[in-house]
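Here's the structure we're looking at; comments come further down.
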Amino acid sequence: MISAAQGAGERRAATVELLFDLTFVFAITQITHLLKAAHTPADLVGALSVLTFLWWMYGGYVWLASHIASHRALTAVMLVAMAGTFFLAIGIPGLHEHSTAVVGGGALFVVAVHTLAFATLGGLVGPTLRFGVVNVGTALLLGISGYLPGLAGSMAQALVIIILVGMALFYTARAFTLAPDHFVERHGLLLLIVFGESVISIGISLSAGGMVTGLIEAGLSLAIIIALWSAYFAGDDRRAERRLSDLTPAERGRAALIAYWFAFLVMIGGVLCLSVGLKEHFGAESGDANLSFWLGLGLVLYFAGTALFRYGLGLRGVAPRIAAAAAGCVLLLLPLGPVGLLGAALAIAVAALAADAVAGRVDD
């Protein structure tokens with residue numbers, strides 16, 4: 001079989017892949033609620049373990065699509081995997097009640113479909129079985145973590161994070177191919193949908209009444225999201241596609257893992273933190289005291305992720321993004337009200353964009 005990545009012409013995302021993305025975003029929404037309700041470090045570890053596993057498998061299905069030439073076969077695989085992801089997402093709230101059977105069952109189903117499809121349709125039996133063992137192991141750890149006593153459960157969840165981050169950092173992925181145009185588009189579309197989670201959080205403020213202060217805060221929040229969107233979509237996506245196309249297949253897999261799995265995981269974590277902060281601030285249970293924490297952490301993670309993204313692909317402009325991440329730490333300490341915090345966050349994001357403009361984006 002000739003993989004899609006090897007075929008002639010441009011490869012773009014199929015509509016069934018976008019449908020699959022919606023179930024992933026449902027899972028992201030569930031994780032956001034999990035973070036909002038977190039009260040202990042163990043709660044945070046649980047949320048991060050599910051996010052890490054989901055992102056690992058999401059990337060796995062994007063890679064899988066590059067190896068399936070038949071649109072009909074791709075549609076069947078994605079629809080079946082969509083069911084597993086949906087039920088996995090339904091079980092995410094159970095992590096707080098130490099009930100992880102549904103999460104574990106959904107995770108094992110998603111892994112089984114992925115492994116079987118890669119081995120049969122992708123024609124890569126040996127490499128598939130090797131990483132399939134790792135995927136099954138992490139799914140089992142998620143499934144049993146809720147039934148282990150005390151610290152053991154959190155350790156099982158932490159082990160999921162350690163294993164998958166280690167795979168992303170050290171696995172070469174030389175046996176696998178990817179279509180740069182399709183790969184970049186899929187990840188970009190998913191990031192767009194995750195941003196939508198924050199936009200929805202802002203909309204909550206408008207349903208509670210037309211307070212002038214609330215409208216100002218909502219406007220500042222929307223401006224922050226636009227600035228963060230621009231930090232990737234104003235040029236890094238196009239530069240990344242060109243860079244991946246220029247790399248050899250052996251180099252491409254390694255760069256994709258660093259930039260589009262590890263760095264994007266950090267970026268998505270930043271957007272989720274921003275979303276949690278906005279939900280707490282604009283929701284019925286307003287928590288102004290937590291806004292500085294979630295807002296600052298969101299900026300730190302997002303800009304640190306974009307810095308790693310550029311570094312992983314050898315793109316210019318890493319230093320300004322590191323500076324923006326460092327500036328985000330300052331928000332954790334500033335004794336400002338909501339308008340002041342949001343204004344400071346927007347200033348940091350705009351300054352990062354201005355640094356790109358001054359540099360002239362030499363890579364373009």
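The values are calculated or read from the model by the stated rules, or taken from the named source; none is laboratory data. As the structure is a computational prediction, the values presented were derived from the model and not from experiment. Here Cβ is always computed from backbone atoms with ideal geometry, including for glycine, and neighbour counts include all displayed protein chains. SASA here: full protein model, heavy atoms, side chains in, ligands and nucleic acids out. Shrake-Rupley method; radii C 1.70, N 1.55, O 1.52, S 1.80 Å.
Checked against (1) open to solvent by 20 Å² or more (accessible area, probe 1.4 Å); (2) in contact with a helix residue (DSSP H, G or I) (Cβ under 7 Å, 6 or more places away or on another chain), Gly277 passes all but a single condition, namely (1).
Which of the residues that make up segment 59-75 are within 21 Å of Leu189 (Cβ to Cβ) and assigned to a helix (DSSP H, G or I)?
Hits for segment 59-75 are Gly59, Gly60, Tyr61, Val62, Trp63, Leu64, Ala65, His71, Leu74, Thr75.
Is it the case that some residue within segment 67-79 is without any contact (Cβ under 8 Å) to a residue 12 or more places away in the chain, closer than 17 Å to Thr15 by Cα and surrounded by fewer than 23 Cβ atoms within 10 Å (Cβ to Cβ)? Step through it out loud before you land on a result.
As a first pass, look at segment 67-79 and keep what is without any contact (Cβ under 8 Å) to a residue 12 or more places away in the chain: 72, 76.
Among the residues that remain, those that are also closer than 17 Å to Thr15 by Cα are: 72, 76.
Narrowing the set further to residues that are surrounded by fewer than 23 Cβ atoms within 10 Å (Cβ to Cβ) leaves 72, 76.
Yes, segment 67-79 has at least one match.
With the condition kept exactly as written, say whether any residue in segment 14-27 is farther than 30 Å from Ser245 by Cβ, of a type in the set (Asp, Glu) and within 20 Å of the chain's Cα centre (by Cα). The answer is no, given that none of the residues of segment 14-27 is farther than 30 Å from Ser245 by Cβ, of a type in the set (Asp, Glu) and within 20 Å of the chain's Cα centre (by Cα). Would it be correct to say that Gly46 is surrounded by 18 or more Cβ atoms within 10 Å (Cβ to Cβ) and within 16 Å of Ala158 (Cα to Cα)? It is true that Gly46 is surrounded by 18 or more Cβ atoms within 10 Å (Cβ to Cβ) and within 16 Å of Ala158 (Cα to Cα). Please verify whether Gly166 is assigned to a helix (DSSP H, G or I), among the small types (Gly, Ala, Ser), at pLDDT below 90 and surrounded by fewer than 16 Cβ atoms within 10 Å (Cβ to Cβ), treating the condition exactly as stated. For Gly166, the condition - assigned to a helix (DSSP H, G or I), among the small types (Gly, Ala, Ser), at pLDDT below 90 and surrounded by fewer than 16 Cβ atoms within 10 Å (Cβ to Cβ) - is met.
Among the residues of segment 153-202, the ones that are touching a Pro at 6+ places or on another chain (Cβ under 9 Å) and within 30 Å of Lys36 (Cα to Cα) come to 1 in all.
For segment 158-180, the condition holds for no residue, the condition being that it is in contact with an Asp or Glu (Cβ under 9 Å, 6 or more places away or on another chain) and under 24 Å from Asp43 (Cα atoms). Looking at Ala218, Ala250, just one residue is open to solvent by less than 20 Å² (accessible area, probe 1.4 Å), at pLDDT below 90 and not basic (Lys, Arg), and that residue is Ala218. Annotation: of all residues in segment 112-126 being more than 23 Å from the chain's Cα centre (by Cα) and open to solvent by 30 Å² or more (accessible area, probe 1.4 Å), the one that is farthest from Ser66 (Cα to Cα) is Gly126.
Yes/no per residue for (1) under 23 Å from the mean Cα position of the chain (by Cα); (2) crowded, with 22+ Cβ neighbours inside 10 Å; (3) modelled with pLDDT of 90 or more; (4) closer than 23 Å to His187 by Cα:
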{"residue": "Phe303", "(1), (2), (3), (4)": "yes, yes, yes, yes"}
{"residue": "Thr306", "(1), (2), (3), (4)": "yes, yes, yes, yes"}
{"residue": "Ile322", "(1), (2), (3), (4)": "yes, no, yes, yes"}
{"residue": "Ala327", "(1), (2), (3), (4)": "yes, no, yes, no"}
{"residue": "Val330", "(1), (2), (3), (4)": "no, no, no, no"}
{"residue": "Gly337", "(1), (2), (3), (4)": "no, no, no, no"}
{"residue": "Leu346", "(1), (2), (3), (4)": "yes, no, yes, no"}
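Before we move on, is Leu95 in a helix (DSSP H, G or I), modelled with pLDDT under 90 and either within 17 Å of Ala65 (Cα to Cα) or open to solvent by less than 60 Å² (accessible area, probe 1.4 Å) (or both)? Here the answer is yes, as Leu95 does meet what is asked.
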